[in-house]
1. Quick check: is even one residue across segment 149-164 over 16 Å from the mean Cα position of the chain (by Cα) and of a type in the set (Asp, Glu)?
2. Applying the selection to segment 135-163, what residues are among the hydrophobic types (A, V, I, L, M, F, W, C) and either part of a helix (DSSP H, G or I) or over 23 Å from Leu82 (Cα atoms) (or both)?
3. Criterion first (at pLDDT below 95 and small (Gly, Ala, Ser)) does Ser232 satisfy it?
4. Among the residues of segment 206-216, count how many are assigned to a helix (DSSP H, G or I) and either β-branched (Val, Ile, Thr) or over 14 Å from Val185 (Cβ atoms) (or both).
5. Could you check segment 110-150 and list, in sequence order, the residues that are buried (at least 22 other Cβ atoms within 10 Å of the Cβ) and among the hydroxyl-bearing types (Ser, Thr, Tyr)?
6. Name the single residue, out of those in segment 82-109 being aliphatic (A, V, I, L, M), under 15 Å from the mean Cα position of the chain (by Cα) and part of a loop (DSSP other than H, G, I, E, B), that is surrounded by the most Cβ atoms within 10 Å (Cβ to Cβ).
7. Using the structure shown, decide if Gly212 is surrounded by fewer than 16 Cβ atoms within 10 Å (Cβ to Cβ) and under 29 Å from Glu116 (Cα atoms).
8. What pairs can you find where one residue is in segment 30-55 and buried (at least 19 other Cβ atoms within 10 Å of the Cβ), the other is of a type in the set (Ser, Thr, Tyr) and at pLDDT below 90, and their Cβ atoms are less than 7 Å apart, with a gap of 6+ or different chains?
Amino acid sequence: MAVCTRYGAEPAMNPSRLWPTLLLISLLGACAGKPVPDWQINAKDATERASNAYLAGNTRVADQEFLFARNEVARTGRIDLLARVELTRCAAQVASLVMDACTAFEKLRQDAPAAERAYADYLAGRIQPQDIGLLPAQHRTVANASPEGAAATLQSIDDPLSRLVAAGVLLQSKRASPGVLNEAVKTASAQGWRRPLLAWLGVQAMRAEQAGDNEEAQRLRRKMALVEGQASNQEQE
């Protein structure tokens, strides 16, 4: 059985069963009460702050905190952990429907573990059937979900951010039913995550317009204006 040493050696873990945002946190969780290196604590805290700032719509703080987390992990020479930091950032982007390439991870892909490569492919909507087993359990069900069962699959995911990431993947793969959109909006709203909330409301409004339901589209646009107005007020304070 793996144990934590006085120098904070990380516990044994199965990366395929953990969602990347929690991977750095897991380094500390199994060693509760044991001394750990400063870089682990710093990287964990910075990654959490970065994700929260990004989802709240504070890009400047998110960039600063992700850079700090990367620097803390990079000084260990651990490519696997650095890859997880980059995937954490890309996962938050997918949750917010920012479907840019995960370029920072791609620079590490050649030396990254198989589970991290599989998760990156999942985020990009190109997971291969033979790699689905490498994903965290909740995302394996999403990867295999049919369009008809996608909303129910989403509701079974307990972690709010994992749920939004899964919703983003479903949208990329054209399996996002109205139920998926509703669940994503509800999740982002409950957490107060402005960036993904605006993105998902925008998708709902666009679909309403495409369906000729202008009244519903206008209602959704008014809700978006409310959220955007709150963001503007906070920036002025």
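1. no
2. If the condition is that a residue be among the hydrophobic types (A, V, I, L, M, F, W, C) and either part of a helix (DSSP H, G or I) or over 23 Å from Leu82 (Cα atoms) (or both), then Ala137, Val142, Ala143, Ala145, Ala150, Ala151, Ala152, Leu154, Ile157, Leu161 are the ones that fit.
3. It is true that Ser232 is at pLDDT below 95 and small (Gly, Ala, Ser).
4. Summing the residues that are assigned to a helix (DSSP H, G or I) and either β-branched (Val, Ile, Thr) or over 14 Å from Val185 (Cβ atoms) (or both) in segment 206-216 gives 4.
5. Within segment 110-150, Tyr119, Tyr122 meet the criteria.
6. Leu97
7. The answer is no for Gly212.
8. Taking only residues 6 or more apart or on different chains, the pairs are Ser51/Thr21.
The values are calculated or read from the model by the stated rules, or taken from the named source; none is laboratory data. All of these numbers come straight from a predicted model, not from anything done at the bench. Ideal geometry is used to build each Cβ from the backbone, glycine not excepted, and the neighbour counts take in all protein chains shown.
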